[in-house]
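K.L.:
A single structure is presented below for examination.
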Amino acid sequence: MKQKRSLLMLALVCALLCALLVCCVAAGGAETTFQNIVYGMKGDQVTEIQQKLKDLGYYTGKVSGNYLDGTFAAIKRFQKDYGQEETGEVDESTYGLLMTAQYKVLKNGEDGDAVTRLQEHLIALKYLNTRATGKFRSATEAAVKAFQQHNGLEATGIADATTQQLLFSNRALAKGAQPTPTPGPDADVGDVNDVVMVEDGQGTADSRADVAYRKKLVRGSEGEDVKRVQTRLKELGFFDGPISGYYMNQTMAAVKVFQEYNGLPVGDGEMDEDTWNALFNTADVVDAQCTPRPTPMPTLVPYYVVVDVKNQATKVYAIDENGEYTIPVKQMICSTGMVGTPSDLGDFVTNGRRAQWAYFSLYGSHARYWTRINDNIAFHSVIYNEVDNMALSVKSYNKLGSRASHGCIRLLVSDAKWIYENIRAGTTIHITEDLPLDEELRYAIKQPRLNKELMWPATTPVPTMAPVYDGTKLPPMPLRNLQTKSSGEDVYWLQCKLKELGYYTGTVTGTYYKGTTGAVKAYQKANGLYPDGKAGVKTLEHIYADVLAANTPTPSPDPAVTPSPVPTMTPEPTPAIVYQTPAPPAE
């Protein structure tokens, strides 16, 4: 009996152990499955995907974190280029490819900056005998094939990731060159620098950078630029991690220490352009063995620039006694980006890069007095067809005052020169579409007729001092009827007075157009006058009623005649009045 009970207990224990073993195996073998990212989803992972697609040139929309039509189409293009099923969804395979991809696949029919960069390298290596146009056509396809064939790749004519990785490396063979032995430890490494298409004729601090800055490096960035940063930080003693090509916590911490030692603002560990140039392109860089350089005291820059897209105007303001930018300095006509290629909106801080001449390889055109705003756009003159003062594009000049550029801010040559000479590093450029339409401003800054013999404005107006307005004094007298197209000091005063009263919001120019008409009409309606928008004498007398009354002289009275003195007589005493209290009525 005892033996049977023991066998039963043993069987029960074995069964329990087996069940437990199965559970453990199941638990140990369980894997976290990748959740596909599909249309309609939102969140940080979508943001990461959009940013990567944008970096590769597949996505041109806003990085919003919303997986909608633009992201869906970009993923399909990426999947097609990388031989994936074109689902528009990000599965585990697509995600892995996307996060490790460094180049957009380029082929016949493609256009854009990535094509320009490809062509520039093919030209430098003697495979392409034309200028870089940014258009991938038969000549570029043939050059890619020749490069592939000479460098031991399959000659497809398609610049896939493998082709571009080799093309942009120091291992790329130029046309006719023979392979060289494996380089020694002192050989140059890394990507061939981009051709600098814009250079300063006089030279600026970083216009001929040894290592060109391409884009900001942030947490999660990867590739050759990250390796270059890690290597340089290691050389300077700030980084002791592996040269992994991944921009993560250890690299970011090293960047912060580097910024602190070199007197730069210590941020969140991102590699911005100022930090990049200090790391690679500054002769007196401070390493970890040196005394840290003190951070310079911040100084207020003299100007603040507003680019008003709606009115196609660029406005410069100086700093007032309160440290605010309220003093108008200059107003200039401009051309901002076309609707299809709009200027970047927002606030941007200049880094001081500029050039006397710029060459736009994508369009084969030039411009004078180039001043960088951000990575994409700059201030510069109207377009020139060649580096020749007589080669100014008449079409570009005539289009000032309308959207005509590919994002840059085009100006009269004289205005571009003023920006070039006066807007220094650290100046904030505010580009906005939100300001109201201002016809007075548009008329005041309209470009003069072009003298085609000199390729210069036919008349260069000499700036005149603005009239001095004082709301406590009389306006210019006598009052006259003012209406559309009137101009002069009295119009200037009227605009100032209406602005003071809260009716006029436009620019005070001394010219009477829609803004002034609307303000006068609003004043007339509010004050019971006939609302025709014309500032007749009656309306002006009403507008200036307070100062007209205060400044109207009071007539002096006629001299008074002093009467002869009259003899005075002593009055008789007045008899006293006796008040008697009446007796109460009888009961």
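K.L.:
Could you pull out the residue among 516, 472, 505, 427 that is touching a residue at least 40 places away in the same chain (Cβ under 8 Å), closer than 30 Å to residue 264 by Cα and not aliphatic (A, V, I, L, M)?
P.N.:
Numbers: 516 fails: closer than 30 Å to residue 264 by Cα; 472 fails: closer than 30 Å to residue 264 by Cα; 505 fails: closer than 30 Å to residue 264 by Cα.
Of 516, 472, 505, 427, the one residue that is touching a residue at least 40 places away in the same chain (Cβ under 8 Å), closer than 30 Å to residue 264 by Cα and not aliphatic (A, V, I, L, M) is 427.
Let's see how each residue does on (1) of a type outside the set (Gly, Ala, Ser); (2) part of a loop (DSSP other than H, G, I, E, B); (3) buried (at least 17 other Cβ atoms within 10 Å of the Cβ):
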| position | (1), (2), (3) |
| --- | --- |
| 301 | yes, yes, no |
| 305 | yes, no, yes |
| 311 | yes, yes, yes |
| 328 | yes, no, no |
| 332 | yes, no, yes |
| 343 | no, yes, yes |
| 351 | yes, yes, yes |
| 357 | yes, no, yes |
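K.L.:
Within region 24-74, restricting attention to residues that are touching a Lys or Arg at 6+ places or on another chain (Cβ under 6 Å) and modelled with pLDDT of 90 or more, which residue is farthest from residue 219 (Cα to Cα)?
P.N.:
Applying the first criterion (touching a Lys or Arg at 6+ places or on another chain (Cβ under 6 Å)) to region 24-74 yields 56-58, 65-66.
Filter once more, keeping what is modelled with pLDDT of 90 or more: 65-66.
Numbers: 65: 17, 66: 21 Å.
Filtering first and then ranking leaves 66.
K.L.:
While we're looking at this one, here's another question. Tell me the helices (runs of 4 or more DSSP H) entirely within region 394-507 that contain at least 2 residues that are over 32 Å from the mean Cα position of the chain (by Cα).
P.N.:
It comes to 489-500.
K.L.:
Being without any contact (Cβ under 8 Å) to a residue 60 or more places away in the chain, closer than 25 Å to residue 172 by Cβ and outside any loop (DSSP other than H, G, I, E, B) is the requirement here; does residue 74 meet it? Write out each step before concluding.
P.N.:
Numbers: without any contact (Cβ under 8 Å) to a residue 60 or more places away in the chain: yes; closer than 25 Å to residue 172 by Cβ: no; outside any loop (DSSP other than H, G, I, E, B): yes.
No; evaluated as a whole, the condition is false for this residue.
K.L.:
Which of the numbered conditions does residue 541 fail, given that it passes all the others? Conditions: (1) in a loop (DSSP other than H, G, I, E, B); (2) loosely packed, with under 13 Cβ neighbours inside 10 Å.
P.N.:
Checking residue 541 against (1) in a loop (DSSP other than H, G, I, E, B); (2) loosely packed, with under 13 Cβ neighbours inside 10 Å, the one that fails is (1).
K.L.:
In region 525-532, is there at least one residue being out of contact with any helix residue (DSSP H, G or I) (no Cβ under 9 Å at 6 or more places or on another chain), within 30 Å of residue 327 (Cβ to Cβ) and of a type outside the set (S, T, N, Q)?
P.N.:
The answer is no, given that none of the residues of region 525-532 is out of contact with any helix residue (DSSP H, G or I) (no Cβ under 9 Å at 6 or more places or on another chain), within 30 Å of residue 327 (Cβ to Cβ) and of a type outside the set (S, T, N, Q).
K.L.:
Could I ask something else about it? Only one of 97, 56, 106, 128 is surrounded by 13 or more Cβ atoms within 10 Å (Cβ to Cβ) and in contact with a strand residue (DSSP E or B) (Cβ under 9 Å, 6 or more places away or on another chain). Can you tell me which? Walk me through it before giving the result.
P.N.:
Working: 97 fails: in contact with a strand residue (DSSP E or B) (Cβ under 9 Å, 6 or more places away or on another chain); 56 fails: in contact with a strand residue (DSSP E or B) (Cβ under 9 Å, 6 or more places away or on another chain); 128 fails: in contact with a strand residue (DSSP E or B) (Cβ under 9 Å, 6 or more places away or on another chain).
Exactly one of 97, 56, 106, 128 is surrounded by 13 or more Cβ atoms within 10 Å (Cβ to Cβ) and in contact with a strand residue (DSSP E or B) (Cβ under 9 Å, 6 or more places away or on another chain), namely 106.
K.L.:
If I filter region 92-104 for residues that are of a type in the set (Lys, Arg), at pLDDT below 90 and part of a loop (DSSP other than H, G, I, E, B), do I get at least one hit? Break it down into steps so the answer makes sense when it comes.
P.N.:
The first filter runs over region 92-104 and keeps only residues of a type in the set (Lys, Arg), leaving 104.
From what is left, the residues that are at pLDDT below 90 are 104.
When the remaining residues are screened for being part of a loop (DSSP other than H, G, I, E, B), the result is 104.
Yes, region 92-104 has at least one match.
K.L.:
Here are some residues: 470, 434, 490. Which one is under 30 Å from residue 112 (Cα atoms) and at pLDDT 90 or above?
P.N.:
Details: 470 fails: under 30 Å from residue 112 (Cα atoms); 490 fails: under 30 Å from residue 112 (Cα atoms).
On inspection, the qualifying residue turns out to be 434.
K.L.:
A follow-up question, please. Looking at (1) surrounded by 19 or more Cβ atoms within 10 Å (Cβ to Cβ); (2) over 30 Å from residue 368 (Cα atoms); (3) touching a strand residue (DSSP E or B) at 6+ places or on another chain (Cβ under 9 Å), which one does residue 475 not meet, given that it meets all the others?
P.N.:
The number of the failed condition is (3).
K.L.:
Among the numbered conditions (1) at pLDDT 95 or above; (2) among the charged types (D, E, K, R); (3) closer than 28 Å to residue 214 by Cα, tell me where residue 315 comes up short.
P.N.:
For residue 315, the failing item is (3).
K.L.:
Quick check: anything in region 435-445 touching a Gly at 6+ places or on another chain (Cβ under 9 Å), without any contact (Cβ under 8 Å) to a residue 40 or more places away in the chain and either buried (at least 18 other Cβ atoms within 10 Å of the Cβ) or farther than 20 Å from residue 349 by Cα (or both)? I'd like the intermediate steps shown before the answer.
P.N.:
Initially, region 435-445 is screened for residues touching a Gly at 6+ places or on another chain (Cβ under 9 Å), giving 436-442, 444-445.
Restricting the remaining residues to those that are without any contact (Cβ under 8 Å) to a residue 40 or more places away in the chain gives none.
No, region 435-445 has no match at all.
The values are calculated or read from the model by the stated rules, or taken from the named source; none is laboratory data. These numbers were taken from a predicted model, which means no experiment stands behind them. Backbone-built Cβ (ideal geometry, glycine too); neighbour counts: all protein chains shown.
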